[in-house]
Amino acid sequence: MGEDNIKTRVVGVDISNERTTYAIVDIRGNIIAEDSFDTSEYPDINNFVSFLSEKIVEIVEANVGYETIRSVGISCPSASFISGSIVNAPNLPWKGIVPLAAMMRDRLGLAVALANDAHVSALGEHTFGSAHGMKDFIVINVGVGLGSCFFSAGHEHQGFEGFAGEVGHTCVIEGGRLCGCGKKGCLEAYVGAKGIIRTAKELMEASDEPSLMRNLEKLSPRTIKECCDQGDKMAIEVYRRTGHMFGLGLANYASIVNPQAIILTGGISHAGDWLIDPTRESFEANVFGNMRGRVKLLVSKLDDRERDVLGASALAWEVPEYSLFK
């Protein structure tokens, strides 16, 4: 009887609003090869799936051979691991329900697992990052949107249909700002990228106070943070208000989940102390008293894109093996 062929490589894919990154990863978490392309260039989902499938085949054949790949893991906003679909994504060009895992499996002939980007970030942090060794923690992805995943007793909690952890779409102000999901007053509308920009514009419109932000060619969370670094009082107030709302939302979340730590990922987490200090202050003021001073607030030490590709590769190992080429 011949020896069974145990495959030790997977493909991890990270789909963000701006870029799609794909990589071959071995069983030890080493990235063998990696490439990316602009997500926005493929507003039609069928064209996107065709192009991504072609690029995966190309990179695999050029480096390790298709027969060595066990499965594919994909990270994407508004995705459900339970259904394998992207569902009503507010910040992606593809609307409605998109059965992406099934579409990719049909094209590639391999097992495909799909999960929410925050879920995948949490897998990456648990396997390779700040949450390594922790059993109860929350990972918050702060960028264009605001997603999360929490682990309880060492396992990720996904909920009945895979949408657990949508803290960005919890209401913090009744009748507040309109969110991309269609509701009003969502935490994401104040802490996500568009929310931060809106706070800056509201402050500038409400006052004649001078600010470096008024001279910016492009207003963004990053350029506002750069104004903070130069001592701009209005820019600092933007992040103070953002942090206050963020800390309030996290305090409600932690009071229910009781985590050991909350780990922040995503581009806006790089605002550093301008965001973290007011967030921590608001969090401690609003969290359940028995948890005060006992929940760590951490910023991920991993590179965002690398963590999410590695997390997607960890996800790939969770799906039962399937191949048309056995």
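The values are calculated or read from the model by the stated rules, or taken from the named source; none is laboratory data. None of the values given here were measured: they were computed from a predicted structure. Cβ coordinates were reconstructed from backbone atoms using ideal geometry, including for glycine residues, and neighbour counts include every protein chain displayed. The area values use the complete protein model at the heavy-atom level, side chains included, leaving out ligands, DNA and RNA. Shrake-Rupley method; radii C 1.70, N 1.55, O 1.52, S 1.80 Å.
With respect to (1) in contact with a strand residue (DSSP E or B) (Cβ under 8 Å, 6 or more places away or on another chain); (2) over 26 Å from TYR253 (Cα atoms); (3) of a type in the set (Gly, Ala, Ser), the lone exception for SER130 is condition (2). Evaluated against (1) in contact with a helix residue (DSSP H, G or I) (Cβ under 8 Å, 6 or more places away or on another chain); (2) in a helix (DSSP H, G or I); (3) open to solvent by 30 Å² or more (accessible area, probe 1.4 Å), GLU34 falls short on exactly one condition, (2). Could you check region 278-309 and list, in sequence order, the residues that are open to solvent by 80 Å² or more (accessible area, probe 1.4 Å) and touching a Gly at 6+ places or on another chain (Cβ under 7 Å)? Passing the criteria: ARG280, GLU281, LYS301.
For region 123-137, the condition holds for at least one residue, the condition being that it is of a type outside the set (Val, Ile, Thr) and over 20 Å from LEU310 (Cα atoms). With the structure loaded, tell me whether LEU324 is modelled with pLDDT of 95 or more and closer than 25 Å to ALA115 by Cα or whether it fails that test. In short, no. If you go through region 240-274 and pick out every residue that is within 22 Å of ARG222 (Cβ to Cβ) and without any contact (Cβ under 8 Å) to a residue 40 or more places away in the chain, you end up with 5. Scanning region 134-154 for residues that are open to solvent by 30 Å² or more (accessible area, probe 1.4 Å) and in contact with an Asp or Glu (Cβ under 8 Å, 6 or more places away or on another chain) yields PHE150, SER152, ALA153. Looking at region 6-26 only, could you name the residues that are free of Cβ contacts under 8 Å to residues at least 40 places away in the same chain and of a type outside the set (D, E, K, R)? Once the filter is applied, which keeps residues that are free of Cβ contacts under 8 Å to residues at least 40 places away in the same chain and of a type outside the set (D, E, K, R), region 6-26 yields ILE6, THR20.
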